[in-house]
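Report on the following structure.
The values are calculated or read from the model by the stated rules, or taken from the named source; none is laboratory data. Because the structure is a prediction, the values reported are computed rather than measured. Glycine also receives a Cβ, built like all others from the backbone with ideal geometry; neighbour counts cover every protein chain displayed.
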Amino acid sequence: MMRRVLIAALVLVCLVVFPATSFGAKAGGTLVYGRGADSDALDPHMTTSGESAVVIVNVFEGLVKYKEDSTEVEPCLATSWKTSADGLVWTFTLRKGVKFHDGTPFSAQAVVFDLDRQLNKENPYYLEGKFPYVKFTFGMIDKYEAVDDYTVRITLKSKFAPFLKNLAMFAAAIPSPEAVKKYGADIFKHPVGTGPFKFVEWIPDDTITLVANEGYWGGRPHLDKVVYKVIPDNAVRLMKLEKGELDVTEGINPNDLGRIKANKDLVLLEKPGMNVGYLAMHCQKPPFTDKRVRQALNYAVNKEEICKYLMNDQAVPATGVVPPSLWGYDPAQKGYPYDPKKAKQLLAEAGFPNGFKTTLRAYTAPRAYNPVGDRLATAIQSYFKEVGVDAKIETLEWGTYLAEGRAGKHEMALFGWMGDNGDPDNFLYVLLGSDNFGSGNRAFYKNDEVDELLKEAQQTYDEKERLDLYIKAQRIIVDDAPWVFLNHTKQLAATRKDVKGFALHPTSNRFFYSVWLDR
Amino acid sequence: MADRASLQNAPARPGSQERPFLAAVRRFRKNRTASMGAAICIALALLAVFAPLVAPYDPVKQSFRDQLRPPCADHLLGTDEFGRDMLSRILYGARLALLVGFVAVSIALVAGVALGVVAGYFGGWVDNVIMRVMDVLLAFPYILLAIGIMAILGPSLVNVMIAIGIVSVPEYARVVRSSVLVVKGEDFIEAARAVGATDRWIITKHVLRNCLGPVIVQATLSVGRAIINAAGLSFLGLGAQPPTPEWGSMLNAGRPYMFDAPWITTFPGIAILIAVLGFNLLGDGLNETLDPRLRQ
């Protein structure tokens, strides 16, 4: 009897210890992630900043999440969902036994509380003007209710095809209702979610520290600790990576790529980005009211040269709006190849045989969709000059630049867009729908046919039909040429060689759950 | 400032200008510092004026296929990230540097001298008001004040000249005022007054002429500083807008390429150094030749 107990005990011990040790090879360690700027708020609903999102997605989770390698959606805090026949009522079945980091159990009430906090102005935790994304993520929601502890029913005002993708965005992640009650308006400094990492501390403009959530429902992450470190200068950050003070860095100067590739201790990760860089021409201001002028300027710019030489192959030329990495891209679209002769001819037809004078607005610092900052404007200016268009460059500070861009004070201005939810609607409707004049549509482009196609696509749940609508809309848009279509940048990151499992997600979010250190 | 203050004792010799002027030229030519400064400045001016003839390429012509070439036979100082010839850009940059230097100094000179003369000559509350305003301007760090003015005016090369001009006004006002105070007490001013000369006549015929020495020195020295400050403002993105080949903005543009294409930053830096050195040497030389105390 005693032997049996002993054997049973031994087996039990083995069962407990063995998986732990095989797992132990990957477990442990601190990962230091270097980046150019700090987060602004760590509540999922209180920010639009990508730098906040990279922290939020590791602390919080939503009802659904993106697959590891694409923007397709898979279950997360909801295990399954159903749509009613009219496409308006969505019923989600929730995962059981999940706890927030503060111990609060996750339930349908938590989901409803969080939606109410954002959508109901009467809710005591509603914060006026503090939820910048809510109109985009949840604007189409009419009603929400907890059917029972683990079932949530959401009713939409009208059919909205990208709804599920919105739910997978960082901005739709769900914080602990008890934390929201405890911290009130300060909740953005105290992130409490259900995710694989728990928040420890935030030293502004320096570091944010997370530790492993031992009780994570999907099993503990490999890393013990993740530190987000702010180092503004790209070159300095790379030097710290070379010295081993950082494990991962993003924001790399195009001309430093060779140096990273030559370094045996570093790995360069590359992936097509979900973004577009463009030069918006104000379609309501002459001479850009004339389609031929806009097309001419598209032919005048050599995007291949810009991508290859100026951006050092960090980008691919754009032939349209939707990037090649995204569903909704039109491979048959050839865009505008470099053809200065045709540009001159079109300008002459439009009544500008000797070109014209205009201003070209630019911002100084590099951005994710433009790794070279105002150099891009210099290059474009030079191409324009060759077809007789004399563009004066005006550089403005980023805040003013955006405000004046929204107000439409520019003639031509450089802009770009990083996709939020991996849906073409998020590019085409947001950037070129006439409902979004100023806010997203900085070319002030209006084409009734395009507007109709985009609205129809929002209400079409059939993927194939939707794709057809988007391709049709894009062909019209490219022909109308409200932008000079410039480039789609690649996502780039450099890691130390011993960082394993780190992947670049199309949304530019970074998930540290399956990352481990081979040390 | 000590050497300039000493100029207060410059003897005033109205009426006999020809001979001291020649003597000054003779002293200037003998002075090594001065001649070297003058040589640099003249060379710089010639290169700037004849830049279109000397420069091998169009300074704003972009040619990506030639980007980031190190110095070679085709491109003596290499090319930048747009494939533009650095030598041509630096030569055209000399035009802008000199233009900014002279225009900024002229603005400061005219305003500063006028204020200084008025303050020094009339004294009393006029003096007080003018000089206290100048003190306030002086209390701001030079470049910070210039950045502030640029923020109001907006980024452009013309505004850089205005900003640097405004910022330099107090120095001229001070130098001129102190010279005026000395000159004012001289006998010949008394004499002129006694004969019934008007203030205007006294100021233009006597006072201004006798302040000329220190003002010339101050102006020459501040051309160099105006050049370096203009480059600084352009480096910060406040001055020349692309693709203007301005030295400061060239320096800034080359920053990300410092490791693999150091020539983009090195040569504009050297150009700034030489220009500023030239004007400083010239200024010091002038000071030595014009200041009676430093004469042997």
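Some points to look at:
- Extreme residue, nearest to residue B:256 (Cα to Cα), among residues of region A:239-275 that are under 18 Å from the mean Cα position of the chain (by Cα) and not aliphatic (A, V, I, L, M): A:251
- Count of residues meeting criterion [within 30 Å of residue A:340 (Cα to Cα), more than 9 Å from every other protein chain (Cβ to nearest Cβ) and small (Gly, Ala, Ser)] in region A:375-422: 6
- Selection count where residues are touching a residue at least 24 places away in the same chain (Cβ under 8 Å) and within 24 Å of residue A:219 (Cα to Cα), scope region A:24-42: 9
- The residues in region B:123-150 that are over 16 Å from residue B:107 (Cβ atoms) and touching a residue at least 60 places away in the same chain (Cβ under 8 Å) can be counted, and the count is 2.
To keep it simple, each residue is scored yes or no on (1) in contact with a strand residue (DSSP E or B) (Cβ under 8 Å, 6 or more places away or on another chain); (2) over 30 Å from residue A:376 (Cα atoms); (3) small (Gly, Ala, Ser); (4) at pLDDT 90 or above.
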| site | (1), (2), (3), (4) |
| --- | --- |
| B:178 | no, yes, yes, yes |
| B:181 | no, yes, no, yes |
| B:203 | no, yes, no, no |
| B:210 | no, yes, no, no |
| B:216 | no, yes, no, no |
| B:239 | no, no, yes, no |
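- In the set A:205, A:142, only one residue is under 30 Å from residue A:457 (Cβ atoms), among the acidic types (Asp, Glu) and not in a helix (DSSP H, G or I); that residue is A:142.
- Checklist (1) touching a Phe, Trp or Tyr at 6+ places or on another chain (Cβ under 7 Å); (2) surrounded by fewer than 20 Cβ atoms within 10 Å (Cβ to Cβ); (3) free of Cβ contacts under 8 Å to residues at least 40 places away in the same chain applied to residue B:85, failing item: (2)
- Verdict on residue A:445 being in a loop (DSSP other than H, G, I, E, B), surrounded by fewer than 20 Cβ atoms within 10 Å (Cβ to Cβ) and of a type in the set (Phe, Trp, Tyr): no
- Among the residues of this structure, residue A:126 does not count as one that is in a helix (DSSP H, G or I) and of a type in the set (Ser, Thr, Tyr).
- Residue among A:238, A:223, A:246 that alone is under 30 Å from residue A:26 (Cα atoms) and part of a helix (DSSP H, G or I): A:238
- If you go through region B:24-49 and keep only what is of a type in the set (S, T, N, Q) and assigned to a helix (DSSP H, G or I), you end up with B:33, B:35.
- Given (1) surrounded by fewer than 16 Cβ atoms within 10 Å (Cβ to Cβ); (2) among the aliphatic types (A, V, I, L, M); (3) touching a Phe, Trp or Tyr at 6+ places or on another chain (Cβ under 7 Å), number of the condition residue B:167 does not satisfy: (1)
Let's see how each residue does on (1) surrounded by fewer than 18 Cβ atoms within 10 Å (Cβ to Cβ); (2) modelled with pLDDT of 95 or more; (3) in contact with a Lys or Arg (Cβ under 7 Å, 6 or more places away or on another chain):
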position	(1), (2), (3)
A:60	no, yes, no
A:69	yes, no, no
A:77	no, yes, yes
A:80	yes, yes, no
A:87	yes, no, yes
A:98	no, yes, no
A:101	no, yes, yes
A:106	no, yes, yes
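- No other residue among B:240, B:230 is touching an Asp or Glu at 6+ places or on another chain (Cβ under 9 Å), in contact (Cβ under 8 Å) with a residue 40 or more places away in the chain and not in a helix (DSSP H, G or I) apart from B:240.
- Of all positions in region A:270-291, none carries a residue that is polar (S, T, N, Q), within 14 Å of another protein chain (Cβ to nearest Cβ) and closer than 30 Å to residue A:499 by Cβ.
Residue-wise test of (1) closer than 23 Å to residue A:53 by Cα; (2) in contact (Cβ under 8 Å) with a residue 12 or more places away in the chain.
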| residue | (1), (2) |
| --- | --- |
| A:422 | yes, yes |
| A:425 | yes, yes |
| A:428 | yes, yes |
| A:457 | no, yes |
| A:462 | no, no |
| A:468 | no, no |
| A:472 | no, yes |
| A:497 | no, yes |
| A:500 | yes, yes |
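- The listed residues are A:184, A:218, and the only one of them that is touching a residue at least 60 places away in the same chain (Cβ under 8 Å), surrounded by fewer than 17 Cβ atoms within 10 Å (Cβ to Cβ) and more than 16 Å from residue A:56 (Cβ to Cβ) turns out to be A:218.
- Residue list for region B:71-81, restricted to those being within 14 Å of chain A (Cβ to nearest Cβ) and modelled with pLDDT of 90 or more: B:79, B:80
- Complete set of residues in region B:82-113 that are within 11 Å of chain A (Cβ to nearest Cβ) and either touching a helix residue (DSSP H, G or I) at 6+ places or on another chain (Cβ under 6 Å) or among the aliphatic types (A, V, I, L, M) (or both): B:83
- Residues of region A:424-447 satisfying the condition of being acidic (Asp, Glu) and more than 24 Å from residue A:411 (Cβ to Cβ): A:425
- Flag for residue A:144 being more than 25 Å from residue A:40 (Cβ to Cβ), among the aromatic types (Phe, Trp, Tyr) and in contact with a helix residue (DSSP H, G or I) (Cβ under 6 Å, 6 or more places away or on another chain): yes
- Scanning region B:48-69 for residues that are within 28 Å of the chain's Cα centre (by Cα) and facing chain A (nearest Cβ under 10 Å) returns a single hit, B:60.
- Residue count for region B:177-193 under the criterion of being among the acidic types (Asp, Glu) and in contact with a helix residue (DSSP H, G or I) (Cβ under 9 Å, 6 or more places away or on another chain): the result is 1.
- Note on region A:409-441: among residues that are assigned to a strand (DSSP E or B) and in contact with a strand residue (DSSP E or B) (Cβ under 7 Å, 6 or more places away or on another chain), the one that is surrounded by the fewest Cβ atoms within 10 Å (Cβ to Cβ) is A:418.
- Qualifying residue in region B:51-61 (condition: over 20 Å from residue B:275 (Cα atoms), at pLDDT below 70, out of contact with any Asp or Glu (no Cβ under 6 Å at 6 or more places or on another chain) and outside any helix (DSSP H, G or I)): no
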